[in-house]
1. Helices (runs of 4 or more DSSP H) wholly in region 224-303 with at least 2 residues that are among the basic types (K, R) - which ones?
2. List the residue pairs whose Cβ atoms are under 6 Å apart, where the first residue sits in region 186-205 and is closer than 19 Å to L319 by Cα, the second is in a helix (DSSP H, G or I) and hydroxyl-bearing (S, T, Y), and the two are 6 or more positions apart or on different chains.
3. Mind checking which residues of region 357-368 are in a helix (DSSP H, G or I) and open to solvent by 30 Å² or more (accessible area, probe 1.4 Å)?
4. With R123, R117, R159 as the choices, which residue is surrounded by fewer than 19 Cβ atoms within 10 Å (Cβ to Cβ) and either touching an Asp or Glu at 6+ places or on another chain (Cβ under 9 Å) or of a type outside the set (A, V, I, L, M, F, W, C) (or both)?
5. Does S66 satisfy being on the phi < 0 side of the Ramachandran plot, among the small types (G, A, S) and at pLDDT 60 or above?
6. Residue under question is R316, and the condition is that it be among the basic types (K, R), in a loop (DSSP other than H, G, I, E, B) and surrounded by 14 or more Cβ atoms within 10 Å (Cβ to Cβ); does it hold?
7. Look through region 69-104, keep the residues that are modelled with pLDDT of 95 or more, among the β-branched types (V, I, T) and more than 13 Å from L122 (Cα to Cα), and return whichever of them is least open to solvent (accessible area, probe 1.4 Å).
8. Just for region 134-144: of the residues that are surrounded by fewer than 18 Cβ atoms within 10 Å (Cβ to Cβ) and not hydroxyl-bearing (S, T, Y), which one is farthest from R167 (Cα to Cα)?
Amino acid sequence: MSATDRKEEEVPGTDTVEGGLQVTRPHGARRGSESASVRRFRLTVVEGPAQGSVWESGADRCSIGSHPLNDLVLDEETVSRFHCEVRIGKDGARVRDLDSLNGVVVDGVQVVESFLRGGSLLRLGRATVRFDFSTERNKLTLSETTRLGTLVGTSVAMRACFARMERAAGTDATVLLEGETGTGKSQAAQAIHQASTRRDKPFLIVDCGAIPANLLESELFGHEKGAFTGAATRRIGAFEEAQGGTIFLDEIGEIPLELQAKLLRVLEERQIRRVGSNTHVPVDVRIIAATHRDLRAEVNAGRFRSDLFFRLAVVRISLPALRERPEDIPVIAEQLLTSAGADPERLEPLRTPEFISRLRQFAWPGNVRELRNYLERCLVFEEALPLSEEDGPAWDVPPSLSALPYPEARRRAIDEFERRYLQTLLERHQGKVAQAAAEAQMDRVYFYRLMRRHNLKP
């Protein structure tokens, strides 16, 4: 009997990944029927408030800080509201500092992020916590599907994300989507909406980072005629337009502090007040927010209200980076290539095992968005282009933009992209907005809003 045979006899159908993540699939079962688990861990307070208390993990992560929203709450003035996060995955256990005031010291060394071993001591201000592994495991809930909306993934990380999205879709709870740029947060929001009871109602997107702060309040809540210079007519805001449906607040971390207080009142009272009006209008909307920032760190820095974070983070869903799930790259690439609509012979060089292997080995700092752009460039030049930034062509910033402050340059670049993107889609579909919006995977109402913003006609 070979060593491989002995292993299969001892643990039938089990594939264990070093570092704490275990995936089990019965012999002969299809992909999607696995179960997954992570090593349980415990945190013991050895110095500071509640000394001697023990916290046991029930999932794969734990947030530590003085704010009541944390998993382990340390009521100590030198501990930040959201001090750090402990997470366990296939590469082991890690602790990450959330831009705390006094930092995180692991076994005598101050760190931003660090692996943990059994018995590691975490110094958080004047409090000390010991990390230990447990002999037991926590089971992760995985979705049976490998596709949700336009998102695809066979990895444990993505299917655990799908499971949380499916649960969120069955409720009207506010959802906060977290993840790096390009991980598919807008697609996740649309998938949750389409799987919910509000699917036949509007789905409106407001990019909070692309709209100037002085116009964002009007964009969200609307305004009355004469409310400010240039307000020639009454304008209905996104919250009213999304009545009965879902409003997706993308890049919620970019909202200025003065507007955060008004948004908090909307979340609490479900009423909005147009700019220049004294009348409150009730709204029935599902709110999904997204950010590439860690809002806990923003709370620590005083740039985001802790009470607004509490209201937004009813259901938190973190979308994994592409480098954390390289096994998903083949299915994602295939979907992107298929949707490109190119001739099969042009796609052939981009489907070879060698090419796919190269894709899996790349880090993809821009995640799925960068992968899509790369594949589109390969289709244009009809060859596998270099993957490293050093070998590829640089993107030149136009002199007209580089001379401007960053916020203004960013706004103008986004406006120009939106205008050209809409024009191209409208021309492709002979001015048929419904078809253009469908290809853009965008709600038709929001498509019309963008057209009005850029003075475009069908």
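1. Details: elements: 238-241, 257-269, 295-300.
Passing ranges, in order: 257-269.
2. Once the first residue is closer than 19 Å to L319 by Cα and sits in region 186-205, its partners that are in a helix (DSSP H, G or I) and hydroxyl-bearing (S, T, Y) give I205/Y446.
3. Our first condition is that a residue be in a helix (DSSP H, G or I); within region 357-368, this holds for 357-361, 367-368.
Across region 357-368, the qualifying residues are S357, R358, R360, Q361.
4. Working: R123 fails: surrounded by fewer than 19 Cβ atoms within 10 Å (Cβ to Cβ); R159 fails: surrounded by fewer than 19 Cβ atoms within 10 Å (Cβ to Cβ).
Step by step, each of R123, R117, R159 is checked, and only R117 is surrounded by fewer than 19 Cβ atoms within 10 Å (Cβ to Cβ) and either touching an Asp or Glu at 6+ places or on another chain (Cβ under 9 Å) or of a type outside the set (A, V, I, L, M, F, W, C) (or both).
5. Numbers: on the phi < 0 side of the Ramachandran plot: yes; among the small types (G, A, S): yes; at pLDDT 60 or above: yes.
When the stated conditions are applied, S66 passes them.
6. No, not satisfied.
7. Applying the filter and picking the extreme gives T78.
8. Out of the qualifying residues, it is E136.
The values are calculated or read from the model by the stated rules, or taken from the named source; none is laboratory data. Bear in mind the structure is a predicted one, so any value in this text is a computation, not a measurement. Reconstructed Cβ throughout: ideal geometry from the backbone, glycine too, with neighbour counts over all protein chains shown. Ligands, DNA and RNA are excluded from the accessible area calculation, which covers all protein heavy atoms including side chains. Shrake-Rupley method; radii C 1.70, N 1.55, O 1.52, S 1.80 Å.
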